[in-house]
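The values are calculated or read from the model by the stated rules, or taken from the named source; none is laboratory data. These numbers were taken from a predicted model, which means no experiment stands behind them. Neighbour counts run over all protein chains shown; Cβ positions are idealised from the backbone, glycine included.
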Amino acid sequence: MQDSVFTLHNLLFGVYPYICLSVFFIGSWLRFDREQYTWKADSTQLLSKPWMRIASNFFHYGVVGIFLGHSVGLLTPHFVFAALMSDIAHQWLAIVAGTIFGLSALFGGSILLFRRFTNQRISLTSRWADKFTIFWIMLTLVLGLLTIPTSLHHATAYDSQAVTSLVWWVQSIVYLYPSPQFIEGIDTIFKLHLFAGMTVFLIFPFTRLVHIWSMPFGYLARAYQIVRTRRVKYQEVNRYDLGKPADF
């Protein structure tokens, strides 16, 4: 970092990201090594099934789409995107994809949040970490959706400075050359969303989110499972002649 680290901005966007990532990786490794019996999703479907399937599907598909979109959009080198599209087109793509997947996750997550706090059976069997996790994820999601009007304002004015600044900042963190000055002038709503998103990585090892590491990718490549049923046709026994053996 070129400026003094002893400023709130530099601490939040130059030091805090590495604290979150360190806890994320080391904490996940330690939990898997020492507490494997807690490495699970703890589904609440057995406690209450209504709306669970539709809420879970909308939420998970939305979150996966958001994660992949952020990963590709922020980690892809700028020269690669420049060869495919302009910065403004990149920004419009982020707005459209973020709106679609964000609303999907918001719909499903709102139902899951409501169930977690209002369903008596689920609430009583939930740990404080379970409630805080879904609350914080939804807060991060809402802050992300609130960035869309600002992004629309920039895009309609053909101003791509915000999106390129975010890309440069994220890549500076990944390349171990933190440059918080890249995002010093962006809108506050983006900074709030970044802080909330980084905090998700910080709390990750201490919550049920660790089950993400165990996604069944092997299922996609496994061979088809052939299931054959053995059907035996029985003749109906005459109820008036129960003593006579049935002729099968």
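Quick notes on this structure:
- Within the stretch 155-208, if we keep just the residues that are without any contact (Cβ under 8 Å) to a residue 60 or more places away in the chain and of a type in the set (S, T, Y), the residue that is farthest from W128 (Cα to Cα) turns out to be T156.
- Complete set of residues in the stretch 5-25 that are β-branched (V, I, T) and either touching a helix residue (DSSP H, G or I) at 6+ places or on another chain (Cβ under 8 Å) or not in a helix (DSSP H, G or I) (or both): V5, T7, I19, V23
- Failed item, numbered, when T118 is tested on (1) modelled with pLDDT under 95; (2) within 26 Å of A162 (Cβ to Cβ); (3) surrounded by fewer than 16 Cβ atoms within 10 Å (Cβ to Cβ): (2)
- Matching residues, the stretch 149-164, being surrounded by fewer than 14 Cβ atoms within 10 Å (Cβ to Cβ) and part of a helix (DSSP H, G or I): P149, H153, T156, Q161
- When L146 is tested against (1) surrounded by fewer than 20 Cβ atoms within 10 Å (Cβ to Cβ); (2) modelled with pLDDT of 95 or more; (3) under 19 Å from S71 (Cα atoms), just one condition goes unmet, and that condition is (3).
- Test for S126: is it more than 30 Å from P77 (Cα to Cα) and in contact with a helix residue (DSSP H, G or I) (Cβ under 7 Å, 6 or more places away or on another chain): yes
- Filter result for V167 (touching a helix residue (DSSP H, G or I) at 6+ places or on another chain (Cβ under 7 Å), surrounded by fewer than 16 Cβ atoms within 10 Å (Cβ to Cβ), within 30 Å of I26 (Cβ to Cβ) and of a type outside the set (D, E)): no
- Scanning the stretch 121-139 for residues that are within 19 Å of the chain's Cα centre (by Cα), modelled with pLDDT under 90 and buried (at least 17 other Cβ atoms within 10 Å of the Cβ) turns up just one, D130.
- In the stretch 76-92, the residue that is surrounded by the most Cβ atoms within 10 Å (Cβ to Cβ) out of those that are farther than 16 Å from L152 by Cα and under 26 Å from the mean Cα position of the chain (by Cα) is F81.
- Test: residue in the stretch 55-64 that is polar (S, T, N, Q) and free of Cβ contacts under 8 Å to residues at least 24 places away in the same chain: no
- If you go through the stretch 185-203 and keep only what is surrounded by fewer than 18 Cβ atoms within 10 Å (Cβ to Cβ), touching a helix residue (DSSP H, G or I) at 6+ places or on another chain (Cβ under 6 Å) and under 17 Å from D159 (Cβ atoms), you end up with D187, I189.
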